[in-house]
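The values are calculated or read from the model by the stated rules, or taken from the named source; none is laboratory data. Computed from a predicted model, the values in this text were never measured in an experiment. Glycine gets a Cβ as well: all are built from the backbone with ideal geometry, and neighbour counts include every protein chain shown. Side chains are part of the model used for accessible areas, which takes the heavy atoms of the whole protein and leaves out ligands, DNA and RNA. Shrake-Rupley method; radii C 1.70, N 1.55, O 1.52, S 1.80 Å.
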Amino acid sequence: MLAAGLGTRMRSTRAKVLHELGGCPLVRYPLAALAPLGPVQVVVVVGHQAELVRAAVLASGLPVETVLQAEQRGTGHAVQCALPALGDFAGDVLLLYGDVPLVTTATLERLRDTHRAGNADLTLLTMRFDDPSGYGRIVRDEAGNVRGIVEDRDATPAERAITEVNPGLYCVRADVLAPLLAELRTDNAQGELYLTDVVGLAARAGRTIASLELERPQELAGINTRAELAQMEAVLKDDLTRRWMDAGVTFEDPATAYVGPDVRIGRDSVIGPNVVLRGKTRIGEGCRIDGTAFLVDTTLGARVHVRFACVAEEAIVADDAIVGPFARLRPGTDLGPRVHIGNFVETKKAKLGAGTKANHLTYLGDCEIGPDTNVGAGTITCNYDGSTGKKSRTVIGARVQIGSDTQLVAPVTVHDDAYVGAGTTVTRDVPAGALVVTRTPARVYEGWVVRRRAGQKAVERKAAAPKSAKRARKKTAKRVKARTVRSRARRTR
Ligand code: UD1
Ligand code: MG
């Protein structure tokens, strides 16, 4: 598989095969389609951002090896670079491009089977586009035999009119491939070694060439520009939502649902508008996602209700739980059956037991909470000491009642059946069945408001008084003071 090019037409600093479709790098798609065929060896040619592409390829989980094409001198040169890795392999070689993501396993199987059934030296797939621009054209003789492929940029006007094009997937005998590659020349518009020239060379050498035209050309469309990437995203999105609808899932607005290729959704689940499901997200049966949700690598059990506007990453939610509206489940969240997480609640590395509820305005991080506990509004697990970067754990038992506006300063444990009074800062472990309160006693000042308002009025009067009056008042004050001093002096005498 060839994945060394930069993809100049993407106008990007990122290698083309790393651009994402359905939240997954392009390069992973053909590999995933290839895997079920059980190839004895998979070689990926990398070049631009070789390390990043290699990492993306290895993340596919296939036994893949990569070879480096240090300088991108064309698709033919890329295959030349891969040849040494094949060693003395003498079977059939599938040649694929990394920028053709929607190719299916079935199509690759048909390519291989056509090749073997026809006892061919080289087999290629073809397809027809009303607008074939950009693609290599399939040149045939009067008898309909493939004579070669001519690239768009090298084609004569007559050749440009050909609508049968090359999707770039070939099956070729290893022993036939090597000598043909050695014959490639750079005498073309791009000054590159074209893999496509191998076809013409094979024809001239009298090799048996088989071809198979595909009915569904959009499957083999290549991606060379951002516009093509966007079109492909739309096709993929459509395919995926349709697949899940066929499997018994309701989409209230399929046009705004984004389901990644590795997502699984159970029967009778309902997906509302504006829902993005990414990565290895798993939705169980009978779930409901109201709308405007972003779920990545998240697992929902059965009958989970995700209310409007929630974000979840690497979270696990068990059967019959209710989450949201406006909840954020961060990595390491593990919610038991029937848990309720309400609005403006954030969880991270938080394991909550069955039936536990945290319904309002709460942060639960680095904590474990037993079953049937109620976490009041405005509760915060204070897990971070602010300097060392160390996160401490809060442990809360079963059937605990945490009053509103509670801070749990970790590390701390609140044992089973304990009560935490509203407004408490818990800094010590609380034994089972105990009550903890750190609330300052409330003081009530009767009539305070009337007095305060009166005081305020006096101040306002003073501020509003004219300057001359102020001066007069100051004079009087001085006189009063002088009088007091005199009378005091008299008394002392
Ligand atoms: C290629 C075909 C064209 C076909 C089209 C189908 C050639 C010469 N042309 O054109 O006939 O219709 O695909 O999509 O093969 N690559 C390398 N090293 C290089 C150059 C490219 O690894 O030196 C890789 C790219 O990363 C890419 C693939 O080969 O994955 C195809 O290269 P690209 O430049 O996209 O070829 P196209 O112009 O699309
Ligand atoms: Mg291409």
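Looking at the square roots a ≥ b ≥ c of the eigenvalues of the Cα gyration tensor of region 65-108, which shape do they give, rounded for a/c under 1.5, prolate if a/b is larger than b/c, or oblate? It comes out oblate by the Cα gyration axes. Across Arg488, Arg110, the residue with the most accessible area heads the list, and the full order at a 1.4 Å probe is Arg488, Arg110. In a DSSP loop and with at most 10 other Cβ atoms within 10 Å, the GluC sites (Glu not before Pro) in region 204-298 are Glu215. Using a 1.4 Å probe on the protein chains only, how many percent of the accessible area of region 434-485 belongs to carbon and sulfur? Of the solvent-accessible surface of region 434-485, carbon and sulfur hold 60 percent. Please report the spacing between the Cα centers of region 361-434 and region 48-96 in Å, no decimals. Taking the Cα centre of each part, region 361-434 and region 48-96 sit 54 Å apart.
Electrostatic tally near Ile271: other residues with Cβ closer than 12 Å to its Cβ, Lys and Arg +1, Asp and Glu -1, net -3. Considering only Ala434, Ser211, Gly455, the residue lying farthest towards the positive end of the dipole of the chain is Gly455, judged by Cα position with unit charges set on Cβ.
Taking every protein chain into account, the accessible area of region 201-345 amounts to 45 square angstrom per residue (probe 1.4 Å). Rounded to the nearest 20 debye, the dipole magnitude of the chain is 8240 debye, with +1 charges on Lys and Arg beta carbons, -1 on Asp and Glu beta carbons, and the Cα centre as origin. Taken about its Cα centre, region 321-385 carries a charge dipole of roughly 200 debye when the Cβ of each Lys and Arg holds +1 and the Cβ of each Asp and Glu holds -1.
Assuming a ≥ b ≥ c are the square roots of the Cα gyration tensor eigenvalues, decide whether region 287-406 counts as rounded (a/c under 1.5), prolate (otherwise, with a/b larger than b/c) or oblate. Prolate is the answer for region 287-406, as a/c is 1.5 or above and a/b outweighs b/c. Expressed as a whole percentage, what fraction of the accessible surface of region 199-340 belongs to carbon and sulfur atoms when a 1.4 Å probe is rolled over the protein heavy atoms? Answer for region 199-340: carbon and sulfur cover 50 percent of the accessible area.
Excluding same-chain neighbours fewer than eight residues apart, the lysines reachable from Lys280 by a Cα-Cα span under 22 Å are Lys237, Lys348, Lys349, Lys351. Entry note, region 266-357: relative contact order of 19 percent, from Cα contacts under 8 Å with a spacing of 6+ residues. Which of Cys24, Gln401, Cys310 sits closest to the plus end of the dipole of the chain, meaning its Cα is farthest towards the positive end, when Lys and Arg get +1 and Asp and Glu get -1 on the C-beta? With unit charges placed on the Cβ atoms, the residue in question is Gln401. Ligands, DNA and RNA left out, the accessible area of region 74-191 computed with a 1.4 Å probe is 48% carbon and sulfur. Solvent-accessible area per residue for region 358-438 at a 1.4 Å probe radius, Å²? That works out to 46 Å² for each residue.
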